[in-house]
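J.: If you scroll down you'll find the structure; I have some questions about it.
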Amino acid sequence: MVIRKTQIQQSLQKAKEFRGKLKNSSLGQQAQWKAVESVAELAIMYPLVNTFYTTSDIKPIEPIISQLRCSALDLNMHFPQVILYGPTALGRLGLSSPIHKNIRH
């Protein structure tokens, strides 16, 4: 239990660091998107893959990753999650939420 909480706290801290770094970077939107999807999200979520976490354990990390994605897509940081993570068949963006990605692995 203590190890799980420690790992969640470390991932949360890492997410906040990435958010600050990307916010202050001079990267273009496309470069930010690639950085979020291929570096930041993996670095934040990968340590959580081999241990069972409940949805409520990972829930504090999801808003930060959503903010990173919204920033890279030049969207308001309060952009509706239902549109961000909803299916494309319903006119949504169809991105996988960090919680669902972690559950699938």
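The values are calculated or read from the model by the stated rules, or taken from the named source; none is laboratory data. Since the structure is predicted, the reported quantities are computational estimates derived from the model, not experimental observations. Glycine gets a Cβ as well: all are built from the backbone with ideal geometry, and neighbour counts include every protein chain shown.
J.: I'm told TYR53 meets every condition in (1) surrounded by 18 or more Cβ atoms within 10 Å (Cβ to Cβ); (2) in a helix (DSSP H, G or I); (3) modelled with pLDDT under 75 except one. Can you identify the failing condition by its number?
T.: (2)
J.: Then there is this: If we keep just the residues of the stretch 21-50 that are touching a helix residue (DSSP H, G or I) at 6+ places or on another chain (Cβ under 9 Å) and part of a loop (DSSP other than H, G, I, E, B), which is nearest to ASP74 (Cα to Cα)?
T.: Result: LEU27.
J.: Go through the stretch 83-98 and count every residue that is assigned to a helix (DSSP H, G or I) and either farther than 13 Å from CYS70 by Cα or touching a residue at least 40 places away in the same chain (Cβ under 8 Å) (or both).
T.: Going through the stretch 83-98 one residue at a time, the tally reaches 4.
J.: Based on this model, can you work out whether ARG19 counts as surrounded by 13 or more Cβ atoms within 10 Å (Cβ to Cβ), over 22 Å from LEU95 (Cα atoms), at pLDDT below 90 and not aromatic (Phe, Trp, Tyr)?
T.: The answer is no for ARG19.
J.: State which residue pairs qualify: first residue among the basic types (Lys, Arg) and inside the stretch 3-14, second residue not in a helix (DSSP H, G or I) in any location, beta carbons under 9 Å apart, and separation of 6 or more residues or different chains.
T.: Cβ pairs passing all conditions: ARG4/THR51; ARG4/PHE52; ARG4/TYR53.
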